[in-house]
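Here's the structure we're looking at; comments come further down.
The values are calculated or read from the model by the stated rules, or taken from the named source; none is laboratory data. Since we're looking at a predicted model, the values are computed, not measured. Cβ sites come from the backbone with ideal geometry, for glycine too, and all protein chains shown count toward neighbours. With ligands, DNA and RNA removed, areas are computed over all heavy atoms of the protein, side chains included. Shrake-Rupley method; radii C 1.70, N 1.55, O 1.52, S 1.80 Å.
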Amino acid sequence: MPGEVILVTRPVPAPAPTPLEALRVLLASTVGMAAGTAATMAALAEQAIVTPVANVVNASLDRLVPVIADAVIERIDLTDLVLERVDLHRIVESALDSLDLTDLVIQRVDVNAIVAEADIDAVIDRVPILPLANYVIDEINLPQIIRDSTSGIAGDALNTMRRQSAGADDLVSRIVDRATFRKGRKLDAPGTPESLS
Amino acid sequence: MTTFREYREDLDRGVTPAHTLPALPSYAVPLQGNRAGFVSRAIAACIDVLLIFLVVLGTVAVIWMVSFIVQPLNAQSDALNLQQRVPRVAVMILYGYGLNVLYWTVFWATSGRTVGNLVMGLRVVNRKGEHPSWVGAFTRAVFCTVFPIGLAWSIVSGANRSVQDVVLRTSVIYDWVVGIPGLRRSPTWSDTPAGPDVTIGSRDTTPLQTAAEQGEAT
């Protein structure tokens with residue numbers, strides 16, 4: 001194709017180093033070797049000197065620190081120190097947050113043993129037994145049960161008669177109201193009936 | 001279902017516990033306190049009048065029997081001659097009217113219920129909803145005895161009121177009494193205060209001892 005340029009790379013032999021560059025390479029190699037040798041010597045010296053010293057120091061501390069700590073503890077009131085310096089609320093709250101107390105009590109506490117030792121009479125003395133009994137009576141509708149099981153023929157007949165007469169009252173009222181185009185009667189009376197009070 | 005806590009909150013609010021309410025059939029509850037109609041009141045009045053009639057007859061019988069003590073039989077007297085041994089009919093009718101007035105007065109002023117009212121579950125109240133006073137009960141008794149047809153006005157009245165009710169401002173309401181009327185209910189356990197600090201049923205008190213009695217005792 002006209003105008004196309006093709007680039008081709010050819011290996012070129014490296015030029016010979018100048019004397020100055022050769023000197024620089026030689027110096028660098030020498031210095032590097034010296035530094036490596038110094039580091040190695042330092043490591044050897046540390047291993048040979050520091051470790052025995054550290055062992056001696058640690059042994060001394062192992063003997064001295066407990067004695068010193070005991071002496072310090074004897075001379076200060078740790079309780080007061082903790083009370084004054086430590087935020088116990090944070091610690092307790094943190095502990096409570098991290099614990100499931102309910103599960104802990106269920107697993108670790110023998111509730112039956114506690115109940116066995118408890119003063120049940122004192123508990124019962126504080127329980128409102130009679131309101132509780134009245135609540136049960138109301139909830140199961142005991143009066144209705146008794147009424148249903150004991151209402152006699154006479155009582156049923158009386159209630160039936162009252163109901164039928166009240167129905168007759170209503171019937172008469174409705175007939176008259178329809179005849180007179182009245183829309184109902186005002187039957188509310190003052191006072192509260194004894195049957196509902 | 002009501003919890004015990006809700007139940008006690010209701011008691012604190014003054015709600016009447018169900019077990020202290022009279023044993024009313026459920027269908028009767030809506031009726032209570034409404035003015036009764038003509039039929040119930042007429043039946044109640046008939047029961048009362050029948051009762052008075054039986055008392056008058058009984059009085060006649062007693063007078064007839066006593067007359068044999070006062071005036072023993074002899075040859076001239078006739079045992080079956082009632083005209084000689086019992087009062088005249090007019091006197092007995094007047095006696096019946098008087099007895100009826102007395103009967104209605106006493107029962108309306110004391111409990112608001114006659115026997116007829118008790119049977120039919122009715123009660124007479126004044127304009128305040130209370131038992132009529134003695135004067136009011138007497139006035140109403142006289143009015144009802146002299147003018148019984150006034151009850152018929154309750155048929156057409158817009159509030160089931162008889163002529164007597166309109167004039168004297170009384171009402172006859174449905175009030176299905178359960179138990180003996182006029183007797184107050186004896187103190188029950190529910191009358192004592194509720195709460196964790198109450199001493200109901202404790203070893204120091206009897207169950208029926210009321211709070212007031214406990215207060216007096218202490």
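Quick look at the values:
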| item | result |
| --- | --- |
| Which listed residue is surrounded by fewer than 23 Cβ atoms within 10 Å (Cβ to Cβ), within 9 Å of chain A (Cβ to nearest Cβ) and not in a loop (DSSP other than H, G, I, E, B), from B:V135, B:V142, B:V119 | B:V119 |
| Sole residue being more than 11 Å from every other protein chain (Cβ to nearest Cβ), at pLDDT 90 or above and on the phi < 0 side of the Ramachandran plot, chosen from A:S94, A:S165 | A:S94 |
| Selected residue (only one of B:N100, B:N74 is at pLDDT below 95 and not hydrophobic (A, V, I, L, M, F, W, C)) | B:N74 |
| Test set (1) open to solvent by 50 Å² or more (accessible area, probe 1.4 Å); (2) more than 12 Å from chain A (Cβ to nearest Cβ) - B:I52 fails condition number | (1) |
| Pairs, first among the β-branched types (V, I, T) in the range A:82-103, second assigned to a helix (DSSP H, G or I), C-beta under 9 Å, six or more apart | A:V82/A:L88 |
| Number of positions in the range A:87-119 that are open to solvent by 90 Å² or more (accessible area, probe 1.4 Å) and part of a loop (DSSP other than H, G, I, E, B) | 3 |
| Tally of residues being among the basic types (K, R), facing another protein chain (nearest Cβ under 7 Å) and in a helix (DSSP H, G or I) across the range B:7-47 | 1 |
| The range B:1-26 - residue that is under 22 Å from the mean Cα position of the chain (by Cα) and not small (G, A, S) and, of those, surrounded by the most Cβ atoms within 10 Å (Cβ to Cβ) | B:L24 |
